[in-house]
Every structure is written in structure tokens, then in C-alpha cells.
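Remarks on the structure that follows.
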Amino acid sequence: MTHSHEELPLADQGGCGDGCACGDGEGYETGLDPQLAELLEQAGLDPIEVEDIATLALAEDLAGGEDVTSVATVPADAVATADFTARQAGVVAGLRIAEAVVSLVCEEEFEVERHVEDGDLVEAGQVLLSVRSRTRDLLTAERSALNLLCHLSGIATATRAWADALEGTGAVVRDTRKTTPGLRALEKFAVRCGGGVNHRMALSDAALVKDNHVVAAGGVAEAFRAVRAAYPELPVEVEVDALEQIPPVLDAGADLILLDNFTVEQLKEAVALVAGRAKLEASGGLTLASAREVAQTGVDYLAVGALTHSSPILDIGLDLRA
């Protein structure tokens, strides 16, 4: 699905346009254009966090200096239009983040044309986003913007493959905390763009009792009761690796049970044993090839850490118009 494009004049002087809320104590406390910041927030992202990540990416690329190749080869007053173009088919994620990177570099006013939206399935050769600004600035921002856009689109594309495999089963694929340090919010956003759902964002969001907690507490049920007593308002998930561990956890009142490295037959037995009294999540050793068979056992979730830690990029390039 392709959306009609929208022209958005952004900003001069690093992204701050008319009505920017920088430093006034109201609205978004960010140097991004207010309209762009609002779009990021609507997508479930913190504009300030996105700006920080974009700033860090650019600082890493410039290392306190300047883009020497672009400064040497491009006249200072040259202006161009650049197209972010898909080199292969997939699901796009991170377009507004790429905009944020560009907006922080551009020293002159620039315009953006949005041809697709995050979550759209795109074809090879399709133009995703067009930006017109000073040529040097476009080239300076190119790699930082593409690094994020390609990475996030790769996650969204991989997630869509899992979501398609599970369609109609009642189960959904969800991510883990196996994320790139500093990029968790963006990577989990990409999972959502691909049709997956998010597990907890942080250790404080919900409890997940794993094998080491069980050892420390003296048993699965004991670990669950300790967490429930300390944090009665939080959802609690308990990891089990054997069928006989399920009844005491159920009796204690677990909200969700993670079935670690269960075979398909064991998953079926677990589903029958639980009989709807708790949500069930399959985890460990899952592959796309076996995803549908696992989902058809009746589990509610398939936990796939590879979505964020191993997805290849979606190849996207930036081309200056001749």
C-alpha cells in the first residue's frame, strides 16, 4: 500500500522552524521541527530520544570535523533533491527517524516529500522519501540516516515474514530485550511496523522469572510468589522447561508461562494442561520454517530474539537527482 506523498517544509538552522518549542517550556523540548516531533510521538517514539540517537550517529560520523569529501567537491551554495530509494522489496520502518537525521544537518531550509509510510510494503526501485536541501548537507547526513533506516526496515521486513507465517493461527510473534544498546525503542518500533508485538521494554515493566531466579529462590513456584508479593500490580511471566513445572505455577496464579525449548508435542500437552488459565509463550529454537506448526499448537506468542539481534538490513540507497 502506497500513500500519496505529502510536502512538509521543515526548518532552517538544524531543524528549528517557526513555532519550535526549544527552551520555552511548552510542547516538545527538542530541536526537531514540531510537526516531525508530533509524528514521532504518534508512532510511539520519544522525539527527544530520537534526536539524541540522530545526534550521536552524526557525531560518530563527523568525529568533530567535517565531511571533507563533500566540502571539497560540492559548491557551498549547491542545492539538490535526494531520493531515499528501496534497492529491494520489503517493509519500511524509520522514515521519520531518517528525516530527523537530515534535519539536524541541514543549515538551510529544506523540503520533504513523503511517498510511503512506515509499515508499508515497498518494491525494489520505489522512492520512499525525497528531500531537497543544500547538497553538502544531504551528503553529510546520508550514511547516518541510511544506517538507521536500513537497519530498522530490515527488522520490520523480517517481522513481517513471521507475522505472515502466523496469520490465521491466533498466535503472534513478539520480540525480546535482545536489542542493540541505545536502540531498543527504535528496534521495537520496527517490530510493530512489521506486524509483531512488543514484550517488555525494560526490566521494570513486568517480571519474567527465569532459570537463575528459580535457582536463587529455591523453586519455580517460590520465585513466582516472591515476585507477586513484592510487586502485586505487575504482570508476571514464568519460564518453565518441563511440563511438571506448570501446575504449581498455575496454582500460584501466573499470568503468562514461557515454555522454553519445548517440542511441538510438548507444546500441545502444555496447551491442554493450561486450558486457557494463562497465556503461553513458546521460546527457544524457533525458526520461520516451523513457526506455523508451533503456532497451531495453541500457544499465544512466539518469542523471537532474532528479530532484533540478527535481522539483515533492507537495502535502501540515497540518490541525487541529475
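Taking region 179-198 as the range and being over 29 Å from ALA63 (Cβ atoms) and surrounded by fewer than 18 Cβ atoms within 10 Å (Cβ to Cβ) as the test, the residues that pass are VAL197, ASN198. Looking across GLU293, GLU222, one residue alone is assigned by TED's automatic domain parsing to the domain that holds SER204, at pLDDT 95 or above and charged (D, E, K, R). It is GLU293. The one condition from (1) small (Gly, Ala, Ser); (2) surrounded by 16 or more Cβ atoms within 10 Å (Cβ to Cβ); (3) closer than 20 Å to ARG174 by Cβ that ALA252 does not meet is (3).
In summary, ASP260 fulfils each of the numbered conditions (1) surrounded by 13 or more Cβ atoms within 10 Å (Cβ to Cβ); (2) modelled with pLDDT under 95; (3) of a type in the set (D, E, K, R) with the single exception of condition (2). If you go through region 289-305 and keep only what is surrounded by fewer than 17 Cβ atoms within 10 Å (Cβ to Cβ) and under 19 Å from the mean Cα position of the chain (by Cα), you end up with just GLY305. Of the residues that make up region 117-125, is at least one over 19 Å from THR55 (Cβ atoms) and at pLDDT below 95? No, there is no match, as no residue in region 117-125 is over 19 Å from THR55 (Cβ atoms) and at pLDDT below 95. Looking at LEU121, LEU129, LEU138, LEU58, can you tell me which residue is under 22 Å from the mean Cα position of the chain (by Cα) and either surrounded by 20 or more Cβ atoms within 10 Å (Cβ to Cβ) or aromatic (Phe, Trp, Tyr) (or both)? Just one listed residue meets the conditions, LEU129.
Flag set for LEU104, criterion: within 22 Å of the chain's Cα centre (by Cα), under 24 Å from THR180 (Cα atoms) and part of a helix (DSSP H, G or I). Of all the numbered requirements in (1) crowded, with 21+ Cβ neighbours inside 10 Å; (2) in contact with a Pro (Cβ under 6 Å, 6 or more places away or on another chain), THR308 misses one, and that requirement is (2).
Taken together, the criteria exclude LYS188 from residues that are within 30 Å of LEU250 (Cα to Cα), outside any helix (DSSP H, G or I) and of a type in the set (Lys, Arg).
Inspection of region 154-164 identifies no residue that is closer than 30 Å to THR73 by Cβ and among the charged types (D, E, K, R).
The values are calculated or read from the model by the stated rules, or taken from the named source; none is laboratory data. Model, not experiment: these values are computed from the prediction. Please note: Cβ atoms are built from the backbone with ideal geometry, for glycine as well, and neighbour counts cover all protein chains shown.
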